[in-house]
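Working notes, structure below.
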Amino acid sequence: MRGRAEATTLDRDGEAALLTRLRAGEQAAYEELTRRHGGRMLAVARRLLRHEEEAEDAVQEAFLAAWRALPRFEGQSRLGTWLHRIVVNAALMRLRARRRRPEAAIEDLLPHFDETGHRIEDAPPLPAADTELARAQLRAAVRRCIDRLPESHRTVILLRDVEELDTREVATLLGISEAAAKVRLHRARQALRTLLVRERIGAGEDAACEPVIPAPGASARGRSAMTAV
């Protein structure tokens, strides 16, 4: 525990020193910032945009925006956290700039209920993924199924469950109310679960999956399927 605390302190000290060098306009500091954080930022942009060239452009735009905003950065969050928010915003701006296309309806992927309020054709629970291979298969299945969601629902589940932004921040980024973000996220999670069940059925009973939608009090293993996507 003490070693971890010391490492965290050293890391923060190193980040503070890097920030000082960045504010002084040192080119080597900017290159170090790119080396430290560029890979993760590109992964975020790829998940949101699903287009390599656009993702690379979004990262460049994010670094440029960060450079311009540096004098206003007060250091209340980690540099990586700050850059993460900036690249998410850059990717979302590119999504909005794309020509709008009619979205596929999500209703067929949502649960249906009879007149008594009971769920119709309730899917059986998905079995646990207990091996590294099964977990890798699960992550791949989650990626495939997320990409099959309508764009607005794909985006909200990526922001909340993969990028782990809080609901208020997700709502702000999407330009909707917090209540609307919660409803959209709930529907996206339901639809994702339906797609995963259908994929499992299509692949046969041997396909390994586990419940991947985080629930209150979910274990770290249960959450990892989403955050590792």
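Hey, got the dipole for the range 2-97? About the Cα centre, +1 on K and R Cβ, -1 on D and E Cβ, debye to the nearest 20?
Numbers: 17 positive and 14 negative charges, 81 e Å.
Roughly 380 debye, rounded to the nearest 20.
Where in the range 128-158 does the amide nitrogen come within less than 19 Å of the point 7 Å from the Cα of Lys182, taken along Cα to Cβ?
Under cut-off, by backbone N: 153, 156-158.
Can you tell me how much longer the chain between Asp57 and Ala140 gets when fully stretched, taken as 0.36 nm per residue apart minus their C-alpha distance, in nm with one decimal?
Extra length from Asp57 to Ala140 when fully extended: 27.3 nm.
Taking the Cα-to-Cβ direction at Ala24 and at Thr131 and moving 7 Å from each Cα, how far apart do the two end points lie in nm?
5.5 nm
Tell me, what HN-Hα J-couplings in whole Hz come from the Karplus equation 6.51 cos²θ - 1.76 cosθ + 1.60 at θ = phi - 60° for each residue of the range 177-185, using x for Gly and Pro?
6, 4, 5, 5, 5, 5, 5, 5, 5
Every number here is computed from the coordinates shown, using simple stated rules; none is lab data. Treat the numbers as computed from the prediction; the structure is a model and nothing was measured. Note that we place each Cβ from the backbone using ideal geometry, even for glycine, and neighbour counts take in every protein chain shown.
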